[in-house]
Amino acid sequence: MRIVALLIRILRQIVRDKRTMGLLIFAPILVLTMLHLVFNGGDYIPKVGLVNIPESVADRIDLSDAEITKYKDVKEAKVDLSSREIDGYIVFDNQFPSIFLEGSDPSVNGSTLKWIQNALKPLQSNEHSYEPKVDFLHGSSEMGQFDYFGPVLLGFFVFFFVFLIAGVSFLRERTTGTLERLLASPLRKWEIVIGYVLGFGIFTLIQATIIAAYAIYVLGMLMEGAFGYVLLITLLLSLTALTLGILLSSFANNELQMIQFIPIVVVPQVFFSGLFNLETISEWLRWIGQITPLYYAADALRNVMVRGYGWNDIYLDLLALVGFSILFMIINILALRKYRKI
């Protein structure tokens, strides 16, 4: 009977927690739905440029199953290749093709190179077979999947652990009565929020620096750009995760409820951060990535670490991260009205 009584008490406790009941059902459905939409997306369609190819040659090439752009000048093709408007282009020199790939994504490289090789098969004969020359704008043929996915994983782990630690720590400040004592002091709400952000921010800076340095200098993750930009990006991403974690902790009553935000807030960002090719996902679903911080952080980290770009190519992503942090801080200040009204 005592076991039955304990069982009934636990069941009642779970049933009364409507948020837990909802997430036990809603969170797995959400994640499984996103996995279905991501992995059941269409095949990647290569975007290939043809530079000043004679019509006699173009007529013999199989141009199906790809987005073809024709160029009169190599310079135009290089500009589009650099801006990732195309994945690669073909140039013929004395009837022999040369292939130039953007190179930063090994999976895209493989799809593009495979399509080009199949398209050029009609030009080869038993007597004349040749291996096209392949050059890369970024990376090389030896570039691995870890080099491409590494920047996204680096950003994700920084975001995840800062979000979790900040949320749980701020929650304890509330449950232990520290926040109530601060609210009863002459401190203004914005001063409390700024103080917490700066306090936790010092430790997030140290954490982000250690993680980034370990991934690059110990694990050998590809690093083409300046390490200082990587630190700046991870710092801004950490601040975004910090302010978001503090914000959501205001709506949790215990650590379990704080952890319940992970499937709703953190996991969906993984699918739209660039870890999976967004061009294979339905168009009506791609916009989700553009309202998530990890999308901009991953893009900036790849631009620096894989493509070797600098400030002019990442500042918009950095501004987006700053914008997220400011937005979450403002909402944090407003959320404190839940505990004290002026």
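The table below gives the values:
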| item | result |
| --- | --- |
| Rounded FRET efficiency, nearest 0.05, which uses the C-beta distance separating Lys75 from Ala213 and R0 of 30 Å | 0.20 |
| Portion, in percent, of the accessible area of the range 191-342 that falls on carbon or sulfur, probe 1.4 Å | 70 |
| Note, ³J(HN,Hα) from phi for the range 292-303, Karplus 6.51, -1.76, 1.60, rounded to Hz, x at Gly and Pro | 10, x, 5, 4, 6, 5, 5, 5, 5, 5, 5, 4 |
| Per-residue HN-Hα couplings for the range 199-210 [Karplus 6.51, -1.76, 1.60; θ = phi - 60°; Hz; x = Gly/Pro] | x, 5, x, 4, 6, 5, 5, 5, 4, 4, 5, 5 |
| Nitroxide proxy distance, nm - points 7 Å out along Cα→Cβ at Ile29 and Arg286 | 2.9 |
| Chain lengthening between Asp43 and Leu231 when straightened (0.36 nm per residue, less Cα-Cα) | 64.2 nm |
| Cβ-based net charge around Ala166, under 14 Å, with every Lys or Arg adding one and every Asp or Glu removing one | 0 |
| Phi to ³J(HN,Hα) by Karplus 6.51 cos²θ - 1.76 cosθ + 1.60 over the range 263-268, Hz, x for Gly, Pro | x, 8, 9, 8, 4, x |
| Under 5 Å, built H, 5+ apart or other chain: amide partners of Phe136 | Leu101 |
| Length added when fully stretched, Asn118-Ile202, from 0.36 nm per residue minus Cα-Cα | 24.9 nm |
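The values are calculated or read from the model by the stated rules, or taken from the named source; none is laboratory data. What you see is a predicted model; the values in this text were computed from it and never measured. All Cβ positions, glycine included, derive from the backbone under ideal geometry; neighbour counts span all protein chains shown. We work out accessible area using only protein heavy atoms, side chains counted, and drop any ligands, DNA or RNA first. Shrake-Rupley method; radii C 1.70, N 1.55, O 1.52, S 1.80 Å.
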